[in-house]
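**Q** Handing you this structure, nothing more for now.
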Amino acid sequence: MGSDAPSIRNARPEDAPLLAAAERAIARVPGRLASRPDEIDDDAVRGTIVALDERGDGIYLVAEREGTIVGHAFLEALSLAVTSHVVRLTIAVHEGHQGQGVGRALMNELLRWARSNPRVEKVELQVRSSNGRAIALYRSLGFVEEGRKTRRLKIGPDVYIDDIYMALWVGP
Ligand SMILES: CC(C)(COP(=O)(O)OP(=O)(O)OC[C@H]1O[C@@H](n2cnc3c(N)ncnc32)[C@H](O)[C@@H]1OP(=O)(O)O)[C@@H](O)C(=O)NCCC(=O)NCCS
């Protein structure tokens, strides 16, 4: 099941409730997304889709299989002039669809966009130290660890996770 390559398209504002619900489902397991379920908001997701489309300095993609959205990912440019060559990556493959090549397909498409966009020179991301699957995917695509903030997330009494900062240089 799920071995066919997903099709990738630009996200639309009306996708926002489904994408937010999928993020809430993923966030129920601590140690993957940083946000907790009640911190993920339909309007914020819609706002990001609209803003990236209007500004054109980033891209918001969804992956579909048989007409069903199975994952989403986006790159957003940092806001200061001196950091405008940097985009920040977010990715979420939806529950039940992980480990089937959707994440790699979304990453490949985002990186194709980044490499074809002369303004983009660096792709950055943050990943929880507990998220071995994500770290393996990023490393396989050439991302390197640039630093680590220890015990940055507190997911329970006396339970902490580090945040790892990774990046890929795509510029000249
Ligand atoms: C992390 C995530 C993006 C990976 O996407 P995915 O579709 O599940 O992964 P893929 O099937 O594309 O596999 C990509 C790579 O991940 C690694 N991988 C896959 N399953 C794995 C597992 N169970 N354990 C360790 N590594 C694994 C492999 O290196 C694989 O490479 P391959 O193509 O050579 O097999 C996805 O699982 C996800 O969104 N998870 C929940 C939210 C999340 O963690 N987001 C990232 C926050 S930084």
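Quick note: the coordinates plus some simple rules give every number you see, no bench work behind them. Note that the structure is a prediction, hence the values are computed from the model and not measured. Please note: Cβ atoms are built from the backbone with ideal geometry, for glycine as well, and neighbour counts cover all protein chains shown.
**Q** Not counting the cut sites, what is the longest span of the chain without GluC sites (Glu not before Pro) that DSSP labels loop and that have at most 14 other Cβ atoms within 10 Å? Don't jump to the answer; show the numbers that get you there.
**A** On the way: sites that count: Glu66, Glu95.
Free of exposed loop sites, the longest segment is 96-172.
**Q** Rounded to two decimals, what is Rg over Rh for the chain when you use alpha-carbon atoms and the Kirkwood radius? Working shown, then result.
**A** Numbers: Rg = 15.6 Å, Rh = 16.6 Å.
Ratio value, two decimals: 0.94.
**Q** Ok, one more. For every other residue with a beta carbon closer than 14 angstrom to the beta carbon of Glu109, add +1 if it is Lys or Arg and -1 if Asp or Glu, then tell me the sum.
**A** Once positives and negatives cancel, what remains is +3.
**Q** Another question, then. Would you work out the relative contact order for the range 1-103, in percent, from Cα pairs under 8 angstrom that are 6 or more residues apart?
**A** Once normalised by length, the contact order is 28 percent.
**Q** Where the centre of each part is set by its Cα atoms, how far does the range 101-172 sit from the range 1-54, in angstrom?
**A** First find each Cα centre; the distance between them is then 17 Å.
**Q** To make sure I understand, if each residue's beta carbon is the centre and we count other beta carbons within 10 Å, what order do His97, His85, His72 fall in, fewest to most?
**A** His85, His97, His72
**Q** What number, in percent, do you get for the relative contact order of the range 7-169 if the mean sequence gap of Cα pairs under 8 Å and at least 6 apart is divided by its residue count?
**A** 19
**Q** To continue, here is another question. Only Lys, Arg, Asp and Glu count, each charged at its Cβ (+1, +1, -1, -1), so figure out the dipole size of the chain about its Cα centre, rounded to 20 debye.
**A** Roughly 600 debye for the chain.
**Q** With unit charges on the beta carbons (Lys and Arg positive, Asp and Glu negative) and the dipole taken about the Cα centre of the range 7-169, which residue among Ala114, Pro30, Phe143 sits farthest to the positive side?
**A** Phe143
**Q** Suppose we keep just the DSSP beta bridges with both residues in the range 72-172; what percent of those would be antiparallel, to 5?
**A** Approximately 90 percent, going by the DSSP bridge assignments.
**Q** Under 14 Å from the Cβ of Arg133, count the other residues' Cβ atoms, weight Lys and Arg +1, Asp and Glu -1, and hand me the total.
**A** Net charge around Arg133: +3.
**Q** May I ask for the net charge around Pro37, where only other residues with Cβ less than 11 Å from the Cβ of Pro37 are counted and Lys, Arg are +1 while Asp, Glu are -1?
**A** Residues near Pro37 contribute -1 overall.
**Q** Arranged by the count of other C-beta atoms within 10 angstrom, fewest first, what order do Thr150, Thr90 take?
**A** Thr150, Thr90
**Q** Among Ala20, Asn10, Ile164, which residue has its Cα furthest toward the positive end of the charge dipole of the chain, with +1 on Lys/Arg Cβ and -1 on Asp/Glu Cβ?
**A** Looking along the dipole axis, the top candidate is Ile164.
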